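Student: Here it is: the structure, laid out below.
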Amino acid sequence: MKLYKIAFRNISRNKRRSILSGTAIAIAAMIITILISLYAGIGKDMKKNIYTVLTGHIRIRHNEYDVNEALNPLHLGIDNYKDVLERLENTDNVEAVNPRISFGTAFYGSPRLFLQDVKDWDRFITLLTSGNNPVFSFLKEKYLYVRERLARKGTQIPDIESIASNMDRMELGDVLYGINEVLERYVLYDPDRFAGISLSEETLAYTERDVPFEERILFNRLALQDAFPGLIIDNPRSGKLILGMGMGMDFQKDAGFMNLETKLESGGIPQSDREAREIILSSGLAKKLNASVGDRITISTKTKYMGMNGITVKVTGIVDLPVAMYNTRFFFLPLDTAQNLLKMDDSVIEILILLKDINKMNTTVSSIKNTLSSVGITNLDVRAWDTIGVYPAYILMLDIVGYYVALFFFLLGSTVIITTTIMVVYERMREIGTVAAMGMKGSQIVRLFFLESFFIGAIASIIGVLIGSGIVIPLGILGWDWSEGLESADFAMSSLLKPAWSLRNTIIIFVYSTAIASIASFFPARRAAKIQPVEALRAV
Amino acid sequence: MADKKRKPFILFRPFIFTGKWIAGVIYFWFVTILWEVIIRELILNKNHIRRFSLQLGLKNLFRYKKRTFITCIAIAVGIAIFIWTDAFIMGFEKDSDTNFILYETGSAQILDAKYVEEKDYLPLKYTIKTPDKLISFLKQNGIPATKRIVFGGEIFFRNGSKQATVYAIDPATNSDVFSLNTKKVLTETSVFIRAGMQETMIGEWLADDMGIHLGDTIDIRTRTRTGAFTTLTLNVTAIINTENPVINKAGIFVPYDVADEKLMMQGEATDVPVNLADWKKIEKETARVSSLIANDYPGLVVQSYIDLFGGGTIMESKRYVINVMLVLVFVIAAVGITNTMLMAVFERIKEIGMMRAMGMMDPGIRVTFLFEAGGIGVIGALIGLILGSLLNSYTYFIGIDFTGLMGRMEFGYRMLNIFRSTWNPQTMIIAFSVSILFAMIASFIPSSKALGMEVTDCLRYQ
């Protein structure tokens, strides 16, 4: 009789024992599968978030920029970037390139009205267009004046007649722009206009003194709130310091990097036009600012020449970024708008490159270096993303922790498998005695037990990895949502974690579990096979 | 929205936070019964047959040395790895908490209720109006406290700048709460900032990043309370190297009175950190301070370092990952213990049949097996505790050094390079108890099954 047949028969003969030892192996294999996928998911996600958002596969910068990075040295840019870009696009293995300018800024609570600051737009528009209310009549009169003034400067805002509550948000934003201009310039309060309206203490304090120019809008908001309760909300930005990270980029070339277009929550991609002055906010930042599509916000920052400059830009879109840290800070604007704001002329800070084949990273880096030096550009630093700053340490750390965790679980899983298997063999000492007495050779006995364990191990680990995969794969598609709060950590982990199931890992786990189970049976079986049949028969 | 998102984790939460206690209660209930049985059966009971069953259990333990050994190993490894993992995580969090308290927040803070809501934006409008009065009031009640103004600003040095959070601290009282003014923290010839002087103290990593040295002058541009721009020009007199990476990376300290004047704070403070000595009972302590100030300072709230640090934000998500791991470790260990035990008893159904055939009563057999399983559990768990403690001693006394690997990386936890574990007797006791419980339950099921069968069936059982 063939040994494997006996082995199979033994397995099915004592079902309970087979199931018990199988369960241990299956559960160990399942848990290891889940854990490894979970961990691989975190790692993959973090790497992707780093190279798509921050570094590209290869990053090109001025070679002195990195040393001075903490100082935000805008003067260390890539001057002839269009030329470089063209050459890069023609390089082998380059999938996509994107020029970028990143800069930090702080939004101090703007007192201007944002679209969402007005609670009741229907009422607001009725008041403005009907002309029955003295306060709004004044507002309307000044609005018309401001409109003319803006038109002279080339900015069109809607006429009073065309204002209706069914306007789209962009047009409504234009109306609000005009209204904000009025509120910044004129004082709404006048004892006649506000006759019969009881003012709050804070507002009264303003009426008693000459209100300086920059405080007029504060005063106007308070007065409006007193006169029309429920119309506008308290300034949600008041006194807040909101940090932002601006990223000037070429939206047409974003495919493969952040794919902002697919992450739009509302609105659209900005026009690449210096005059248009449009930006996209990340949804977390928009929430902090209480801004929405159509609003205008002012960005002020340090320019290349260390002076301060500010521009007012229109929000054309809100994107939802997967990483909480980015999503509460980032905003995106066309390259030329950023250049205009930072007085960068026609230079950029960095060029990010995505590769078709990551394995050819090194050859591509050197071919880019050659291309650049052949045209006399020597002041640029070309780097693979895994050699940039803290990222290599980051990734290494991630991997090492991953190995530790895997080792840990393999160790624990193995003990479970080993103890179960050894137990099975020892329990069957008498059986070994029987078969030995009947003439089975020692080597055959060892092989028999080995085969049994192998079959049980194989079947159990298949079931284990299948169940594990069954849990992990749907989770990988649906994603597993962590809480939002990864914001303040220097950690590029997505809030939506997708475990990464891989065939390779699954096979490794399967092979490993089977092997451990088989090997574990080997030593006790060998010992059992060596003792005299009589001894084995007498065993308890 | 946020709460909805967190739902998947609710599965694990009761397990982690209440599971230990439930297991503990079950265990103590079980142990009480066991002791009662032991005392009654072994010592008080003169019935030799029943007394015999206990002795038999004990004998069995040593008779089947191999089986006992294997089962013990399963239990021991499970326990060792579980308590080690737990100790490591606890150590990690404890160190992180300590560094957070000593350098960043104090063990608790008194803040304006509205400030808490907008804390991330560092508002200057919600303040504590009379911090000095509050501090002296707290001191009378034996609680050291200090005052701070925390504000956002941009540091300018040479031809660069960087956004940063600036802490205006009161040099006179700061050391009552924080450990910033110590030899360990101050590097080389650093001199702690002095009241009324245009001086500043910055984190070492920040200094390196920006190329700032002792004696340099930096500008901090910020806004006053009313929103006007203002600039503080300060001389760097101290560079500090703490064990808190956030302070090293972005900490800037200026004298309270200098900031007070420049920001037009009129002697007010954004927060009053207090030093509550007993961190372990922080919730109780926080409540005590709350009730102390409730009458005289309406509108102010007390936030413990846990509220300030975690508060359901940064750490919770990471803690979840760790808890998931801990649960998985527990599951594997539990499966190992139960499975080996189940197998050991199932194999002996024939033996049970024999005992019954020879006239041993069912309760006696049950006690025999329970006692044997309990014995295996105790031995295994003891080995596990010793093994776990050995592993833990290494990580406790020496720690795992990630220097070089981590560099100057910050990842949310206030931890630097050397990771040390801690001793967590609670987990040790519970793991010890639960594993014994598991072993006993696992032996109880098959032996009960055997007792329900006909004696002849037992004897024929394979």
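The values are calculated or read from the model by the stated rules, or taken from the named source; none is laboratory data. What you see is a predicted model, and the numbers here were worked out from it, not measured in a lab. Cβ placement follows ideal geometry from the backbone for every residue including glycine, while neighbour counts extend to all protein chains displayed.
Student: So which residues in segment A:47-69 are within 12 Å of chain B (Cβ to nearest Cβ) and crowded, with 20+ Cβ neighbours inside 10 Å?
Tutor: Answer for segment A:47-69, where residues must be within 12 Å of chain B (Cβ to nearest Cβ) and crowded, with 20+ Cβ neighbours inside 10 Å: just A:Tyr65.
Student: Okay, moving on. I'm checking my understanding of the structure. Among residues of segment A:7-22 that are closer than 20 Å to A:Ala515 by Cα and surrounded by fewer than 19 Cβ atoms within 10 Å (Cβ to Cβ), which one is nearest to the other protein chains (Cβ to nearest Cβ)?
Tutor: Among residues in segment A:7-22 that are closer than 20 Å to A:Ala515 by Cα and surrounded by fewer than 19 Cβ atoms within 10 Å (Cβ to Cβ), the one nearest to the other protein chains (Cβ to nearest Cβ) is A:Ile19.
Student: Next question, about the same structure. Just wondering, is there one or more residues in segment B:196-212 that are free of Cβ contacts under 8 Å to residues at least 24 places away in the same chain, within 12 Å of chain A (Cβ to nearest Cβ) and surrounded by fewer than 21 Cβ atoms within 10 Å (Cβ to Cβ)?
Tutor: Yes, segment B:196-212 contains a residue that is free of Cβ contacts under 8 Å to residues at least 24 places away in the same chain, within 12 Å of chain A (Cβ to nearest Cβ) and surrounded by fewer than 21 Cβ atoms within 10 Å (Cβ to Cβ).
Student: Moving on to the next point. Give the residues of segment B:273-306 that are assigned to a helix (DSSP H, G or I) and touching a Ser or Thr at 6+ places or on another chain (Cβ under 6 Å), sorted by residue number.
Tutor: Correct list: B:Trp279, B:Ile282, B:Thr286, B:Tyr305.
Student: When you go through A:Leu204, A:Leu144 one by one, which is the residue that is out of contact with any helix residue (DSSP H, G or I) (no Cβ under 6 Å at 6 or more places or on another chain), without any contact (Cβ under 8 Å) to a residue 12 or more places away in the chain and part of a helix (DSSP H, G or I)?
Tutor: Criteria check complete, one pass: A:Leu204.
Student: Restricted to segment B:138-176, and to residues that are touching a Phe, Trp or Tyr at 6+ places or on another chain (Cβ under 9 Å) and facing chain A (nearest Cβ under 10 Å), which residue is nearest to B:Val289 (Cα to Cα)?
Tutor: Once the filter is applied, the top-ranked residue is B:Phe151.
Student: Just to be sure before I move on: is A:Leu407 within 14 Å of another protein chain (Cβ to nearest Cβ), out of contact with any helix residue (DSSP H, G or I) (no Cβ under 8 Å at 6 or more places or on another chain) and either of a type in the set (Lys, Arg) or closer than 30 Å to A:Glu275 by Cα (or both) in the structure I sent?
Tutor: Spelling it out, it is not the case that A:Leu407 is within 14 Å of another protein chain (Cβ to nearest Cβ), out of contact with any helix residue (DSSP H, G or I) (no Cβ under 8 Å at 6 or more places or on another chain) and either of a type in the set (Lys, Arg) or closer than 30 Å to A:Glu275 by Cα (or both).
Student: Within segment B:163-177, count every residue that is surrounded by 19 or more Cβ atoms within 10 Å (Cβ to Cβ), farther than 15 Å from B:Val246 by Cα and in contact (Cβ under 8 Å) with a residue 40 or more places away in the chain.
Tutor: 5
Student: Could you please find all residues in segment A:127-154 being polar (S, T, N, Q) and surrounded by 15 or more Cβ atoms within 10 Å (Cβ to Cβ)?
Tutor: Selection gives A:Thr129, A:Asn133, A:Ser137.
Student: Checking the conditions here, which among A:Leu172, A:Leu218 is within 14 Å of another protein chain (Cβ to nearest Cβ), out of contact with any Asp or Glu (no Cβ under 7 Å at 6 or more places or on another chain) and surrounded by 18 or more Cβ atoms within 10 Å (Cβ to Cβ)?
Tutor: Just a single option satisfies the conditions, and that option is A:Leu218.
Student: Considering every residue within segment A:3-14, establish whether at least one is assigned to a helix (DSSP H, G or I), under 19 Å from A:Gly389 (Cα atoms) and either outside the structural domain of A:Ser366 (by TED's automatic domain parsing) or among the aromatic types (Phe, Trp, Tyr) (or both).
Tutor: No: segment A:3-14 contains no residue that is assigned to a helix (DSSP H, G or I), under 19 Å from A:Gly389 (Cα atoms) and either outside the structural domain of A:Ser366 (by TED's automatic domain parsing) or among the aromatic types (Phe, Trp, Tyr) (or both).
Student: Determine, yes or no, whether A:Ile32 is more than 10 Å from chain B (Cβ to nearest Cβ), touching a residue at least 12 places away in the same chain (Cβ under 8 Å) and farther than 21 Å from A:Gln339 by Cβ.
Tutor: no
Student: State all residues of segment B:178-215 that are closer than 24 Å to B:Ser107 by Cβ and of a type in the set (S, T, N, Q); if no residue qualifies, say none.
Tutor: Within segment B:178-215, B:Ser179, B:Asn181, B:Thr182 meet the criteria.
Student: If I ask for residues that are touching a Lys or Arg at 6+ places or on another chain (Cβ under 6 Å) and modelled with pLDDT under 90, which ones from segment A:344-361 would you list?
Tutor: The one that is touching a Lys or Arg at 6+ places or on another chain (Cβ under 6 Å) and modelled with pLDDT under 90: A:Met344.
Student: Still on this structure: Quickly run through segment A:378-399 and pick out the residues that are facing chain B (nearest Cβ under 7 Å) and either out of contact with any Phe, Trp or Tyr (no Cβ under 8 Å at 6 or more places or on another chain) or under 29 Å from B:Ala334 (Cβ atoms) (or both).
Tutor: Once the filter is applied, which keeps residues that are facing chain B (nearest Cβ under 7 Å) and either out of contact with any Phe, Trp or Tyr (no Cβ under 8 Å at 6 or more places or on another chain) or under 29 Å from B:Ala334 (Cβ atoms) (or both), segment A:378-399 yields A:Val390, A:Ala393, A:Tyr394, A:Leu396.
Student: Within segment B:268-307, how many residues are within 19 Å of B:Lys125 (Cα to Cα) and either surrounded by 13 or more Cβ atoms within 10 Å (Cβ to Cβ) or within 14 Å of chain A (Cβ to nearest Cβ) (or both)?
Tutor: Of the residues in segment B:268-307, 11 are within 19 Å of B:Lys125 (Cα to Cα) and either surrounded by 13 or more Cβ atoms within 10 Å (Cβ to Cβ) or within 14 Å of chain A (Cβ to nearest Cβ) (or both).
Student: For A:Asp234, indicate whether it is within 14 Å of chain B (Cβ to nearest Cβ) and assigned to a loop (DSSP other than H, G, I, E, B).
Tutor: Yes; evaluated as a whole, the condition is true for this residue.
Student: Are there any helices (runs of 4 or more DSSP H) wholly within segment A:322-410 with 3 or more residues that are more than 30 Å from A:Arg296 (Cα to Cα) and not small (Gly, Ala, Ser), and if so which?
Tutor: Where helices (runs of 4 or more DSSP H) fall fully within segment A:322-410 and carry at least 3 residues being more than 30 Å from A:Arg296 (Cα to Cα) and not small (Gly, Ala, Ser), they are A:361-374.
Student: Which residue, of B:Val166, B:Val116, is within 21 Å of B:Gly211 (Cβ to Cβ) and at pLDDT 85 or above?
Tutor: B:Val166
Student: Only one of (1) away from chain B (no Cβ under 11 Å); (2) surrounded by 20 or more Cβ atoms within 10 Å (Cβ to Cβ); (3) within 28 Å of A:Asp399 (Cβ to Cβ) is not met by A:Tyr39, so which one is it?
Tutor: Just one mismatch for A:Tyr39, condition (1).
Student: Okay, moving on. Take B:Leu138 and tell me if it is in a helix (DSSP H, G or I) and either within 30 Å of B:Ala431 (Cβ to Cβ) or assigned by TED's automatic domain parsing to the domain that holds B:Val246 (or both).
Tutor: Against the criterion (in a helix (DSSP H, G or I) and either within 30 Å of B:Ala431 (Cβ to Cβ) or assigned by TED's automatic domain parsing to the domain that holds B:Val246 (or both)), B:Leu138 qualifies.
Student: Right, here's the next one. Does at least one position in segment A:423-430 carry a residue that is more than 19 Å from A:Tyr39 (Cβ to Cβ), at pLDDT below 80 and of a type in the set (Val, Ile, Thr)?
Tutor: Scanning segment A:423-430, I find at least one residue that is more than 19 Å from A:Tyr39 (Cβ to Cβ), at pLDDT below 80 and of a type in the set (Val, Ile, Thr), so the answer is yes.
Student: Only one of B:Asn424, B:Asn339, B:Asn392 is more than 11 Å from chain A (Cβ to nearest Cβ) and at pLDDT below 85; which?
Tutor: Being more than 11 Å from chain A (Cβ to nearest Cβ) and at pLDDT below 85 holds for just one of B:Asn424, B:Asn339, B:Asn392, which is B:Asn424.
Student: Within segment B:128-135, does at least one residue satisfy the condition of being over 32 Å from the mean Cα position of the chain (by Cα), at the interface with another protein chain (Cβ under 10 Å from one of its Cβ atoms) and without any contact (Cβ under 8 Å) to a residue 12 or more places away in the chain?
Tutor: Within segment B:128-135 (the criterion being over 32 Å from the mean Cα position of the chain (by Cα), at the interface with another protein chain (Cβ under 10 Å from one of its Cβ atoms) and without any contact (Cβ under 8 Å) to a residue 12 or more places away in the chain), the answer is no, since none of the residues qualifies.
Student: Count, please, the residues in segment A:492-538 that happen to be under 22 Å from A:Ala28 (Cα atoms) and part of a helix (DSSP H, G or I).
Tutor: 22
Student: Which of the residues belonging to segment A:268-316 are outside any strand (DSSP E or B), within 14 Å of chain B (Cβ to nearest Cβ) and touching a Lys or Arg at 6+ places or on another chain (Cβ under 7 Å)?
Tutor: The answer is A:Leu285, A:Leu289, A:Asn290, A:Thr303, A:Lys304, A:Tyr305.
Student: When segment A:98-134 is examined, which residues are found to be aliphatic (A, V, I, L, M) and touching a residue at least 60 places away in the same chain (Cβ under 8 Å)?
Tutor: The answer is A:Ile101, A:Ala106, A:Leu113, A:Leu115, A:Val118, A:Leu127.
Student: Identify all residues within segment A:257-283 that are closer than 19 Å to A:Asp295 by Cβ and of a type in the set (Ser, Thr, Tyr); write none if there are none.
Tutor: Within segment A:257-283, A:Ser266, A:Ser282, A:Ser283 qualify.
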